Structure formats: structure tokens, C-alpha cells
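Below: the structure, in C-alpha cells.
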Amino acid sequence: MQVMEPAWYTVRTKPKHEHIAAANLRRNLALPVFFPRIRLEKVTRRGLVRVAEPLFPCYIFVRCVVEDGVSEIQHLSGVSKLVQFGGKYPPVADRIIEELQACFGLDDLISIERGLAPGDEVTVAVGAFAGMSAQVLKSLPAKKRVQILLEILGRPTTVEVGSEAVMLKKNTLADLAPFLAAPPSQERLCA
């Protein structure tokens, strides 16, 4: 009789149900779950809002003996299925999960601070200049404002707006958290 060891597997969740699937795996099956999320600021019509979003939308990781729990896992609320290739469930190497967990806190959450620096390309999100492209000239954190250079009527014009009124053009995860996008080195990923 072969003894199966627990390993990390990828679970596909229903859209926007990652937190439900993770809670159900923990509560109903008492399985370790890794659900990495990032907290960042987004500019919306209501202004600047802090949100927590999944690092991998529609995916979480669960540690289990897959042969014992496939049907139980796939029938939980929020879960779509376990990821499989060629009819097999590929495990995720412990080292990869450990490196990711080292970057995140106990609640699997990492905060990304939005810093505007001179030279950053931005889009004005709200106000009279909404939709216009601009370049940051100066960040004024004490006043929660930013000085930008807009082209108005064919002439460069300096304008001061609230920092929540602009959105970075480079707004990808690689731009906001370059340490997560960097190739792993011999040291830990987040060292």
C-alpha cells in the first residue's frame, strides 16, 4: 500500500469567489489554503479607493492528498474545479509556495503603496481634465496633491490636482510590485 504525501495544488474558483472557496476549504475540510492578495489604491468614479484583489484571479492553492479529496474539494461552494492537465492534477512545488508566502503576511495580504514620482506618466481620472494624459512634475504628499504637466490648447500647462485624481499609466503588478515579478534568485524571492 502506497502512502500519499500532501502537496500543494491549484484550485480554480468561480469568478470573484476566491475568498468563499478559501473559507470553505479551511472551515469544512480543515485544509491549509494559500490565497495571496494585494492591497492597492484604485481611482474610481467615487475617488481613490483601497481594495484587496487576488494576486491570481480565480485561483487559490490548497495543500492536500489529492487522491483522497478531489470530489470533496470540487463540490464546495466557490470552487469550480482542481486544475488538471492530461487527466492528472499537477502539484505545485513546496518551494514556490514557500517563496510566495515569504512575501505575504499571515493574512496572505501585501500592501502596494502608490507613489507618484516626477516623470511618471498619468491619466487624469476625475475633474475637468478627466481622460487627459499628463506627466508628473512634483509630488506634494503633505498636501495630498501632485503637480502635473498637461497640454492644453497646444501649450504645456502646469496644473496642481489632488493625488487621488490621477492614475498611473503603468499600473500593472510588475510596475507596482517589481519584487514579485523579478526572476527568483538563490536567495528568497522577497529578500
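Computed from the coordinates by the stated procedures, all read-outs in this text should not be read as laboratory data. Treat the numbers as computed from the prediction; the structure is a model and nothing was measured. Quick reminder, even Gly has a Cβ in these numbers, built from the backbone with ideal geometry, and neighbours come from all protein chains shown.
Worth pointing out:
- Sequence-distant contacts, meaning Cα pairs under 8 Å at least 6 residues apart, place the relative contact order of segment 52-135 at 13 percent.
- Cα-based reach from Lys169 at 12 Å (exclusive), listing aspartates and glutamates while leaving out same-chain residues under 8 positions away: Asp120, Glu121
- Base-10 log of normalised Debye intensity for segment 85-153 (one unit scatterer per alpha-carbon) at q = 0.12, 0.14, 0.22, 0.23 Å⁻¹: -0.60, -0.66, -0.97, -1.02
- Simple spin-label estimate for Val83 and Ala142 gives 4.8 nm between the two label positions (7 Å along the Cα-to-Cβ direction from each Cα).
- FRET efficiency for Ala117 and Arg50, using Cβ-Cβ distance with R0 set to 25 Å, rounded to 0.05: 0.80
- Additional length obtainable on full extension of the chain from Asn28 to Ala130, 0.36 nm per residue less Cα span: 32.0 nm
- Efficiency of FRET from Cβ geometry, Met4 and Lys169, R₀ 45 Å, rounded to 0.05: 0.40
- Take every Cα pair under 8 Å whose residues are at least 6 apart in sequence, average their separation, divide by the length of segment 113-167, and the relative contact order is 30 percent.
- Normalised by the number of residues in segment 1-144, the average gap of Cα pairs under 8 Å and 6 or more apart makes the relative contact order 29 percent.
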